[in-house]
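Trainee: Next up is a structure, given as structure tokens.
The values are calculated or read from the model by the stated rules, or taken from the named source; none is laboratory data. What you see is a predicted model, and the numbers here were worked out from it, not measured in a lab. When we count neighbours, we look across all protein chains shown, and the Cβ atoms used for this are built from the backbone with ideal geometry, even at glycine.
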Amino acid sequence: MADGHDVIRELGYLQQALSQNRKPLGFMISAGCPLSIRVNFKEEIGKDGETWTSSDPLIQDIAGLTRKISETVIEKNDQDSVVWDKVIASFKEDGIEHPNIEGILSFVRGLRGVAGKGEVRGLTGPGLESLELRICDIISEEVDRELPDANSPYHNLAIWVRSIPRESPVHLFTTNYDLLAEQALEEEGAPYFDGFIGSRKAFFDLAAVEDEKLMPSRWTRLWKMHGSINWRLEDHGSVTRGLQSEKNKNYLIYPSHLKYDESRKMPFLAMMDRFKDFILQQSSILFMSGYSFGDEHINNLLLEALRSNPTAMVYGLLHGNMMDKDGKPEEKYQKARKLALKAPNLALFSSDVGIIGRREKPWVAHDEDLGSLPVGMVLKPEAATSEYRECKIGDFLMFTDMLKNISGPRDSDVE
């Protein structure tokens, strides 16, 4: 019998956790989740005449977004492109060859705060401000998308959220700037609170966020940890949520951890506090999907909270393999592995390997009965022995299929 984690048994435990209504349940929706939604399907024909269907993700991940912004800024060949080149050169001077857009935006804002009306590292305050605005404009344009239909993974999540009465509210955390979660929750009639009060220009109410337990448990809590394309900083210093088309372009998306303005700081620290406080709740369970564990600030909060509360459990659902073809750890999941091997209450589910209780083992299946698991959740690799398996729960689409099996179809799906 092969040594490994029994994938069907472990997935059964996840199903049990998702089916109950008493423990605090939370989800982290990160950059990998919109990749599961495909659009612009088209038929491609190769040189050999072979045909296949290709498509694009609804929204690019951080790497794709970084490439798009770089191409867009550079092709303009204007002053912003000059500043961009200097910023990228500064990263290379510091030994960082491939910074992502969140790191770049953090760097630009940090330098702008130091430069003021002067100059730092050959960059002026006004030049940095102009580049910041250009970056945020492109981000807003790229992530301002709508879910193509009501059968999306986000809709399955929203239906699961409202499917049963709950003693504790569901908490949805997201590092994404888009409005996909809001769209799905609203279209499925699932009420939520995101820290803002009002209708014309909803304002951020810190007191309401800190007292959110006073609200009904049927209201989902939606915490946007890196901001949103419809958050704005007003001239008088308050933070508002409104329409993306507003003339005020002072976006509040991913301000760096070197924040230079107290008004900018307030919403983000409050969101991080919600994240930590949730994990510190007795017997809380958090599912993290589309997150590659690349944000050190979130990782540190996570590890600190898990160490403080051994009754909490976090499941990191990773897309793809954790090991390469030579059996060595993939670089993209190095940080995730390091955390899971430290914290027994952080479990990782990748395609090929699971880390559960700090034990890293391949997936095996001692029983072929998948029960109520979605078709395709567990697969047998072609070159594997009879017991080794692949686990596809790291695909957001597959994970929300599991939620759909638990909650049942929407009313409109039933004839």
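Trainee: Mind telling me which of the residues ASP194, ASP178 ends up being buried (at least 20 other Cβ atoms within 10 Å of the Cβ), under 17 Å from MET272 (Cβ atoms) and not polar (S, T, N, Q)? Show your work before the answer.
Mentor: Numbers: ASP178 fails: under 17 Å from MET272 (Cβ atoms).
The unique qualifying residue is ASP194.
Trainee: May I pose another question? Among the residues of segment 136-151 satisfying the criterion of being within 30 Å of ASN405 (Cβ to Cβ) and not hydrophobic (A, V, I, L, M, F, W, C), which is surrounded by the most Cβ atoms within 10 Å (Cβ to Cβ)? Show your work before the answer.
Mentor: Step one: of segment 136-151, the residues within 30 Å of ASN405 (Cβ to Cβ) are 143, 145-151.
Okay, now just the ones that are also not hydrophobic (A, V, I, L, M, F, W, C), so 145-146, 148-149, 151.
Values: ARG145: 17, GLU146: 11, PRO148: 11, ASP149: 8, ASN151: 11.
Of everything passing the filter in segment 136-151, ARG145 is surrounded by the most Cβ atoms within 10 Å (Cβ to Cβ).
Trainee: Counting only residues that are closer than 20 Å to ALA181 by Cβ and loosely packed, with under 10 Cβ neighbours inside 10 Å, how many does segment 199-221 have?
Mentor: Qualifying residue count for the region: 2.
Trainee: Still on this structure: Write out, first by first residue and then by second, each pair whose Cβ atoms fall under 8 Å of each other, whose residues are 6+ apart or on separate chains, and whose first residue, in segment 124-145, is touching a residue at least 12 places away in the same chain (Cβ under 8 Å) while the second is buried (at least 17 other Cβ atoms within 10 Å of the Cβ) and among the small types (Gly, Ala, Ser).
Mentor: Every condition considered, the pairs that remain are GLY125/ALA115; LEU128/ALA115.
Trainee: Got a sec? Which strands (runs of 3 or more DSSP E) wholly within segment 1-94 have at least 1 residues that are modelled with pLDDT under 90 and either out of contact with any helix residue (DSSP H, G or I) (no Cβ under 9 Å at 6 or more places or on another chain) or hydrophobic (A, V, I, L, M, F, W, C) (or both)?
Mentor: 38-45, 51-57
Trainee: Just to check your reading of the model, which residue among LYS92, LYS68 is closer than 27 Å to ALA181 by Cβ and of a type in the set (D, E, K, R)?
Mentor: Exactly one of LYS92, LYS68 is closer than 27 Å to ALA181 by Cβ and of a type in the set (D, E, K, R), namely LYS68.
Trainee: Continuing with the same structure: Could you say which residue among ILE164, ILE104 is part of a loop (DSSP other than H, G, I, E, B) and out of contact with any Gly (no Cβ under 9 Å at 6 or more places or on another chain)?
Mentor: Working: ILE104 fails: part of a loop (DSSP other than H, G, I, E, B).
Within the list ILE164, ILE104, the selection yields ILE164.
Trainee: Among the residues of segment 108-120, are any within 20 Å of GLY227 (Cβ to Cβ), in a loop (DSSP other than H, G, I, E, B) and in contact with a helix residue (DSSP H, G or I) (Cβ under 8 Å, 6 or more places away or on another chain)?
Mentor: No, segment 108-120 contains no residue that is within 20 Å of GLY227 (Cβ to Cβ), in a loop (DSSP other than H, G, I, E, B) and in contact with a helix residue (DSSP H, G or I) (Cβ under 8 Å, 6 or more places away or on another chain).
Trainee: What pairs come out if I take residues in segment 292-318 that are of a type in the set (Phe, Trp, Tyr) and pair them with residues that are crowded, with 20+ Cβ neighbours inside 10 Å and part of a loop (DSSP other than H, G, I, E, B) whose C-beta lies under 9 Å away, six or more apart or interchain?
Mentor: What qualifies is PHE293/LEU318; TYR315/ILE393.
Trainee: Look at segment 40-73 and say how many of its residues are surrounded by 13 or more Cβ atoms within 10 Å (Cβ to Cβ) and touching a strand residue (DSSP E or B) at 6+ places or on another chain (Cβ under 7 Å).
Mentor: 3
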